[in-house]
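*Asks:* There's a structure below that I have some questions on.
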Amino acid sequence: QTRKLFKVCVLRHIPIFTFINKMDREARNPFDLMEQIEQELGIQTYPVNWPIGCGKQFKGVYDRRKREIIKFESDGLANGVRQVDSMEIALDDPRLGEMIGEPLRETLQDDVELLDGASYEFDMEKVRTGKLSPVFFGSALTNFGVEPFLEDFLQMTPPPLARQSSDGLIDPFADSFSAFVFKIQANMNKAHRDRVAFMRICSGRFVKGEEVFHVQGDRKVKLAQPQQLMAQER
């Protein structure tokens with residue numbers, strides 16, 4: 001199903017962002033991971049940051065564009081991570097060897113040189129058309145690398161686009177409410193004849209109990225029982 005979903009994303013030129021998780025555990029070589037993404041999904045990759053070690057040797061990530069280190073420190077417990085302030089430091093700076101250890105510094109320097117010389121160039125147009133996926137590394141359980149990923153995600157993603165309908169283009173900033181049903185799920189509870197329609201808002205703001213016009217049914221419908229899903233809760 002994941003492969004099918006990504007094929008749809010490629011066909012529709014939907015931007016794809018990649019977050020490689022659990023770097024605080026033993027992991028495969030980052031180059032192998034990126035190669036697997038490119039082969040499985042048929043998309044180019046550009047690592048925005050690069051991991052420094054993995055598992056017990058995980059020391060943080062190196063931001064390739066800002067040329068700075070975000071250090072990782074953990075007490076071994078879930079969510080027990082302390083993310084220190086990022087510091088701008090050159091790869092050949094002696095302080096870097098003292099910070100992460102000389103073997104990891106040499107590996108990081110070699111990896112960055114290889115990436116700068118052989119990896120794909122960052123192209124914002126390719127990102128927005130789904131041809132190039134920005135790759136981020138981190139550890140979601142310990143909340144490391146998540147905030148930088150979200151900040152870059154907000155900067156790179158395009159604004160809401162107008163959606164085509166039978167009446168023409170729908171302006172996402174229009175005040176009038178409009179939405180389309182992209183999924184219907186029925187018979188979830190055997191004791192009831194239940195049915196839930198999943199709806200994506202295209203413009204305006206949804207108000208409980210609002211009366212809307214159903215285009216396909218050519219009639220007005222009152223949305224009297226809305227449910228907003230937030231993670232595992234309604």
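The values are calculated or read from the model by the stated rules, or taken from the named source; none is laboratory data. Here the structure is a predicted model, which means the values were calculated and not measured. Every residue, glycine as well, gets a Cβ built from its backbone with ideal geometry; the counts of neighbours run over all protein chains shown. Areas reflect the complete protein model, heavy atoms only, side chains present, ligands, DNA and RNA absent. Shrake-Rupley method; radii C 1.70, N 1.55, O 1.52, S 1.80 Å.
*Asks:* Which residue, 187, 29, 143, has the most motion in a Gaussian network model of the chain that connects Cα atoms within less than 10 Å?
*Replies:* Highest fluctuation of the listed residues: 187.
*Asks:* Counting only heavy atoms of protein chains, what accessible area per residue, in Å², does the chain have with a probe of 1.4 Å?
*Replies:* Values: 16220 Å² over 234 residues.
That works out to 69 Å² per residue.
*Asks:* Tell me the relative contact order for the chain as a rounded percent, counting alpha carbon contacts under 8 Å between residues six or more apart. Provide the component values of the computation, followed by the final result.
*Replies:* Working: 345 pairs, mean separation 41.1, N = 234.
This gives 18 percent for the chain.
*Asks:* With just the Cα atoms defining each centre, how far is region 171-220 from region 18-72? Give it in Å.
*Replies:* 40 Å
*Asks:* Another question, then. Full extension from residue 185 to residue 19: what is 0.36 nm times the residue separation minus their Cα-Cα distance, to one decimal in nm?
*Replies:* On the way: separation 166, 0.36 × 166 = 59.76 nm, distance 2.93 nm.
Contour length minus Cα-Cα distance gives 56.8 nm.
*Asks:* From the phi of every residue in region 209-217, what ³J(HN,Hα) in whole Hz does the Karplus formula 6.51 cos²θ - 1.76 cosθ + 1.60 yield, where θ is phi - 60° and glycine or proline is x?
*Replies:* Result, rounded to whole Hz: x, 5, 9, 10, 9, 8, 5, 5, x.
*Asks:* Next question. Residue 11 to residue 198: FRET efficiency via 1/(1 + (r/R0)^6), r the Cβ-Cβ distance, R0 25 Å, to the nearest 0.05? Intermediate values should be presented prior to the final figure.
*Replies:* Values: r = 21 Å, r/R0 = 0.85.
Using R0 = 25 Å, I get an efficiency of 0.70.
*Asks:* Using 30 Å as the Cα-Cα cut-off, could you pick out the over-long pairs in 190/222; 131/220; 4/71; 7/59; 66/126? Intermediate results must be reported in sequence, preceding the final value.
*Replies:* Values: 190/222 25 Å; 131/220 41 Å; 4/71 37 Å; 7/59 35 Å; 66/126 21 Å.
The answer is 131/220; 4/71; 7/59.
*Asks:* So, one more: Calculate, for residue 156 and residue 73, the FRET efficiency according to 1/(1 + (r/R0)^6) with r their C-beta to C-beta distance and R0 22 Å; round to the nearest 0.05.
*Replies:* On the way: r = 28 Å, r/R0 = 1.27.
After rounding, the FRET efficiency stands at 0.20.
*Asks:* Hey, can you grab everything whose amide H is under 5 Å from the amide H of residue 66? Only 5+ residues off in sequence or another chain; H modelled, so Pro and N-termini drop out.
*Replies:* Residues meeting the criterion, in which the H sits 1.01 Å from N, do not exist here.
*Asks:* Enumerate by residue number the chymotrypsin sites (Phe, Trp or Tyr not before Pro) in region 1-62 meeting two conditions: DSSP loop (anything except H, G, I, E, B), and at most 16 other Cβ atoms within 10 Å of the site's Cβ. Write out the running numbers ahead of the final one.
*Replies:* On the way: sites: 6, 17, 19, 31, 58, 62; in loops: 17, 58.
Sites meeting the loop and neighbour criteria: 17.
*Asks:* Put a dot 7 Å past each Cα toward the Cβ at residue 57 and residue 211; how far apart are the dots in nm?
*Replies:* According to this spin-label approximation, the distance is 6.9 nm.
*Asks:* Moving on to the next point. In degrees, nearest 10, range 0 to 90: what is the angle between the Cα axis of helix 102-118 and the longest Cα principal axis of the chain?
*Replies:* 60 degrees
*Asks:* So if each residue of separation counts as 0.36 nm, and I subtract the Cα-Cα distance between residue 29 and residue 230, what length gain in nm does that give?
*Replies:* Going from the current span to full extension adds 68.9 nm.
*Asks:* So which chymotrypsin sites (Phe, Trp or Tyr not before Pro) in region 108-186 end up in coil per DSSP with only 10 or fewer other C-beta atoms within 10 Å? Spell out each step's value before the answer.
*Replies:* Details: sites: 120, 122, 136, 137, 144, 149, 153, 173, 177, 180, 182; in loops: 120, 122, 173, 177.
Passing sites in region 108-186 are 173.
*Asks:* Further, regarding this structure: Give the carbon-plus-sulfur fraction of the accessible surface of the chain in %, rounded to a whole number; probe 1.4 Å, heavy atoms of protein chains only.
*Replies:* Working: 7990 of 16220 Å².
Taking all protein chains in place, the chain shows 49 percent carbon and sulfur surface.
*Asks:* So what is the relative contact order of region 15-62, in percent, for Cα pairs below 8 Å that sit 6 or more residues apart?
*Replies:* 39 percent
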